[in-house]
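Coordinate-derived values only; no laboratory data. What you are looking at is a predicted structure, and each value in this text was computed from that prediction instead of being measured. Note that each Cβ is placed from the backbone with ideal geometry, even for glycine, and that neighbours are counted across all protein chains shown.
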Amino acid sequence: MLRLRHFAPLVVFCLVPVCAQAAPPGPQILTEDVTRFYAMYDATAGKPTVEQIEQDYLARGTPSLHEFAKLRRVTAQSIADRMARDPAIYANAKQCMTTLPAVEKRLTAAFARLAQVYPEAKFPPVAIVVGRGKPVGMAYPGGLTIGLEALCAADFMNPDIEDRFVHVIAHEYGHIQQTGATDFEDGDPRATVLRVSLIEGGAEFISELISGNVGNPGLADRVRGHEREIETRFARDIDSTDLTPWLYNYQAGTDAPYDQGYWIGYRIAKSYYLQAKERGAAVRDILQLDDPKAFLAKSGWTPGMTLPPPGEGID
C-alpha cells in the first residue's frame with residue numbers, strides 16, 4: 001500500500017450541470033525533486049556524499065518531498081546507504097522517467113472515470129521523488145507521492161513499467177478517496193485482517209474500475225488453483241490483528257505468495273460491486289467502509305467463489 005499528504009488541487013472537475021460535459025484536464029505530475037536529484041547524481045558520477053544529498057536535494061525539496069521524508073524516514077544518510085548498497089536501483093530509475101508522458105495521458109482517462117463513478121472524488125497532485133528504495137509511495141488527503149526508484153524496481157508487481165505506474169497510482173488514488181482510517185499504530189484493535197484487507201483490496205478494485213486493472217495483477221497468478229483453500233483459511237483469520245500472514249509480507253528473491261489479503265479484499269469488493277443493484281452506491285460503500293463485517297456479509301463473497309479475473313467483468 002502507498003500512503004500520502006499535501007499540495008494544491010491536481011485535477012479540478014466541474015460537476016455542476018452547466019459544465020458537466022467539460023473535459024477534465026490532465027493529472028498534474030510533479031517531477032521537480034527527481035530533476036534536482038539526477039542533476040546532483042550526474043554531477044557526482046552517481047556517488048554524492050551525505051552532505052550533498054542533504055544540501056542539494058533534501059533541503060531544497062518540495063513540500064511533498066519533505067512530507068515523504070518525515071513520514072517515511074527518508075534521510076540523506078539512508079539514501080546514501082542505499083546508493084552504496086544498491087547503485088543499480090538509482091541508475092535504472094532514470095529510464096522510468098521516459099514513460100511519464102504516456103502515464104499522464106492514461107491517467108487523464110482514469111481520473112475522468114473516477115469522477116464519473118464517484119462524484120465526491122478528490123484529485124490532488126502526484127509528486128515523483130527519489131527516496132531510500134522504499135516505500136513505493138505514500139498516499140494522504142493532500143496528495144500522492146511516488147518513490148521513483150522504488151516503483152521502477154518493483155517489477156514483481158507488473159513487468160510493464162508504464163502499466164505499473166498507471167495502475168499503482170490508480171490504486172493509491174483509491175486510498176486518497178477512502179474516508180476511514182487507513183494507517184494504524186501497532187496493536188490497534190481496529191486493524192483486523194478483514195478491515196485492512198478490505199482497505200487494500202478496495203483500492204485494488206478502484207484501480208481496476210478506473211484504469212482497467214489492479215495495481216498488482218501478479219497476486220492472482222500466485223494463488224491460482226488454491227483459491228478455496230487460501231480463502232477458507234482467510235475466513236478463519238478475519239478477526240485477527242496479526243497481519244503478517246496476509247499483508248505487507250513480500251520477501252524479495254522468493255516465489256512465496258505474499259499480500260494475499262490484498263487479493264482477497266479485492267475479490268470481496270468486486271463481489272460486492274457485481275451483486276449491487278446500484279453500482280454508484282456500491283462504489284461509495286467500498287470507499288466509505290465503516291463496518292467490515294457488515295460489508296463482508298452483504299458482498300455475497302464465499303471462499304473460492306468464481307469471479308471474473310482482474311481487468312475483466314466490470315464494464
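Give me the one-decimal nm value for the distance between modelled label points at Asp186 and Gln251, 7 Å along each residue's Cα-to-Cβ direction.
The modelled label-to-label distance comes out at 2.0 nm.
If exposed trypsin sites (Lys or Arg not before Pro) are those in a DSSP loop with at most 16 other Cβ within 10 Å, what is the longest stretch of the chain that has none?
123-189
Spelling out what I want: for every residue of segment 284-289, take phi, set θ = phi - 60°, compute 6.51 cos²θ - 1.76 cosθ + 1.60 (Karplus), and round to whole Hz; glycine and proline get x.
4, 5, 5, 7, 10, 3
With θ set to phi - 60°, apply the Karplus curve 6.51 cos²θ - 1.76 cosθ + 1.60 along segment 297-308 and write out the HN-Hα couplings as whole Hz, x wherever there is a Gly or Pro.
Computed from phi, the couplings for segment 297-308 are 4, 7, 6, x, 5, 9, x, x, 4, 7, 9, x Hz.
Tell me the label-point distance for the pair Ala59, Ala294, using the 7 Å Cα-to-Cβ offset, in nm and rounded to one decimal.
Label-label distance for Ala59 and Ala294, simple model: 5.4 nm.
Report the relative contact order of segment 17-177, percent, no decimals, based on alpha-carbon pairs under 8 angstrom and at least 6 residues apart.
26 percent.
Kindly flag which residue pairs out of Lys47/Lys134; Lys134/Lys293; Lys105/Lys277; Lys47/Lys94; Lys105/Lys270; Lys70/Lys94 have an alpha-carbon separation exceeding 22 Å in this structure.
Lys134/Lys293; Lys105/Lys277; Lys105/Lys270; Lys70/Lys94
Counting other beta carbons within 10 Å of each residue's own, what order do Ser207, Ser240, Ser271 fall into, fewest first?
Going from sparsest to densest Cβ surroundings: Ser240, Ser271, Ser207.
Go through segment 112-180 and name the GluC sites (Glu not before Pro) that are in a DSSP coil and have 16 or fewer other Cβ atoms within 10 Å of their Cβ.
Within segment 112-180, the qualifying GluC sites (Glu not before Pro) (loop, at most 16 other Cβ atoms within 10 Å) are Glu120.
Taking the Cα centre as origin and putting +1 on Lys and Arg beta-carbons and -1 on Asp and Glu beta-carbons, what dipole magnitude results for the chain, to the nearest 20 debye?
With only Lys, Arg, Asp and Glu charged at Cβ, the dipole is about 300 debye.
Using modelled amide H (1.01 Å from N, peptide plane; none on Pro or chain starts), what sits under 5 Å from the amide H of Ala127, excluding residues fewer than 5 places away?
Those lying under 5 Å, H to H, from Ala127 are Leu30, Leu144, Thr145, Ile146.
Tabulate in residue order the Karplus-calculated ³J(HN,Hα) for segment 160-176, using 6.51 cos²θ - 1.76 cosθ + 1.60 with θ = phi - 60°, rounded to whole Hz; enter x for Gly and Pro.
Couplings: 8, 4, 4, 4, 4, 5, 4, 6, 5, 5, 4, 4, 5, 5, x, 4, 4 Hz.
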